[in-house]
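Single-structure report; data block below.
Values in this text are rule-based calculations from the coordinates and carry no lab data. Since the structure is predicted, the reported quantities are computational estimates derived from the model, not experimental observations. Positions of Cβ are generated from backbone atoms using ideal geometry, with glycine treated the same way; all protein chains shown enter the neighbour counts.
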Amino acid sequence: MKPTNMYIHLKGLKIYAYHGVLPQENKIGAEYTIDLQLKTDFTKAADTDQLEGTVNYAAVFETVKAEMAVPSKLLEHVSCRIARRLLLDFPIEEVKIALYKQNPPMGADCQQVGIEATYRK
């Protein structure tokens, strides 16, 4: 038996960071929520019950956290940087990322704004 598609999900990652076009966003910061879908082949891990056959979730989180620590103006840029690092550093074929800024300072009652993109090797 061989699955045709295998995905690892990390949903609702919460990270405080300093992204935005407005100067106050870079000083005050905001909470961000990130959802990741990582396409990879974890057949070996499924068969052997060993971490070496899959992607380490904690290592993925540390990579995301490191990229979120670098201030950027646009969420589009941040998501591209995160996806690029994940595709380079891990045995992943595809990254689907959704990145949301909570309570954005845009003069409207808005819970969150965000972007979603899929990147492939």
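Listed values, structure above:
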read-out: Lysine pair number, Cα distance threshold 20 Å (strictly under), the chain, separation 8 or more or different chains; value: 22
read-out: Relative contact order (%) - region 7-120, alpha-carbon pairs under 8 angstrom, separation at least six; value: 27
read-out: Per-bin percent of Cα-Cα distances, the chain [5 Å]; value: 2, 11, 21, 22, 16, 11, 8, 5, 3, 1, 0
read-out: Total formal charge among the other residues, if their Cβ is under 14 angstrom from that of residue 58, Lys/Arg +1 and Asp/Glu -1; value: -1
read-out: Leading residue at positive end of dipole, region 28-110 (Cβ point charges), from 70, 43, 87; value: 70
read-out: Trypsin sites (Lys or Arg not before Pro) restricted to region 1-84 and DSSP loop, no more than 16 other C-beta within 10 Å; value: 73
read-out: Net +/- balance of residues flanking residue 111 in space, Cβ distance below 12 Å, scoring K and R +1, D and E -1; value: -1
read-out: 0 to 90° range, to nearest 10: angle between helix 57-68 axis and the chain longest Cα axis; value: 30
read-out: Charge tally in the Cβ shell below 13 Å around residue 20, where Lys, Arg are +1 and Asp, Glu are -1, residue 20 excluded; value: 0
read-out: Reference-scaled alpha-carbon Rg (2.2 N^0.38 Å with N residues) for region 1-67; value: 1.52
